[in-house]
Amino acid sequence: MQNRPKPRIHSPARPRAVPALGAGLFAAVALLAAGIAALLDLAPIVPLTLTLVAAVGTITIARAAGQAEALPSLDRETRRHSRPAEWQALLDIERAQTAPERRLRLAREFRRIAAEALAAPVTDRRRWPRPGRLAALCRQAKLLRASATDRSVGFLPETLPDDRLSAEVLAEAIHTLTGYLALLAAVRRAPGWDLEVQRVVVRERTRLEVALERVNNVLRDG
């Protein structure tokens, strides 16, 4: 593990161009602002007006274009409760060039999602992630599990055959994470909240804590 190669992290692709419709709207707004300023004899503030319009318009259009390209297949609710960078990081797992690099990427995303899942007090549902965010986390965990259990990646070179961070360790940990998030989502919708339900949630939370600690120990001692 001491010679583990550093993963090459690919940043999300940037939008190639601002959509023509957005650019047209921006130009129209700029011309309208200039015309109004001229009619009202406000020529001194025209440059300031155009600068403000340009800044706001460019940021808004670029942000919308970037989200449209980064998250093309996500519904509005999922977009609202997640960030493009999270999904891009999950997809970037498939860009790994070696088996150890892929495992590191899997471990990184497992730790991120698990940390958020464990941050909520186990016995206080009011402080759990909101339903929309919880649904997004469940979906992220399922995508992560699909990558962890994909058997079609045998073409990747194995440069660390004795790596303690094995595919089996990661798959088991991610399976535990997926199950815990699914349990939270089901319990959050349930009208009752008795001691037996709490017992099961605490047990599964402990299971996830153990899985996270195991992955952390392997990374730390490697």
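Please treat every number below as a calculation from the coordinates, not as lab data. The structure presented is a predicted model; accordingly, all values stated were derived computationally and were not measured. Quick reminder, even Gly has a Cβ in these numbers, built from the backbone with ideal geometry, and neighbours come from all protein chains shown.
For this structure, a couple of remarks:
- Highest mean packing first, where packing is the average number of other Cβ atoms within 10 Å per residue, the peptides 129-138, 172-181 line up as 172-181, 129-138.
- Once the C-beta distance of R126 and E213 is scaled by a Förster radius of 30 Å, the resulting FRET efficiency is 0.65 to the nearest 0.05.
- Order by protection proxy (mean Cβ within 10 Å, highest first), peptides 102-114, 196-208: 102-114, 196-208
- Counted residue by residue at 0.36 nm each, then reduced by the alpha carbon distance between them, the extension gain from V202 to A186 reaches 4.3 nm.
- Extended-chain gain in nm, criterion 0.36 nm per residue less alpha-carbon gap, A171 and L156: 3.7 nm
- The label point for R133 and the one for A119, both projected 7 Å from the Cα toward the Cβ, are 0.6 nm apart.
- Per-selection Kirkwood Rh - region 90-195 (Cα, Å, 1 d.p.): 14.9
- Under the criterion of Cα pairs below 8 Å and six or more residues apart, the relative contact order for region 133-189 equals 61 percent.
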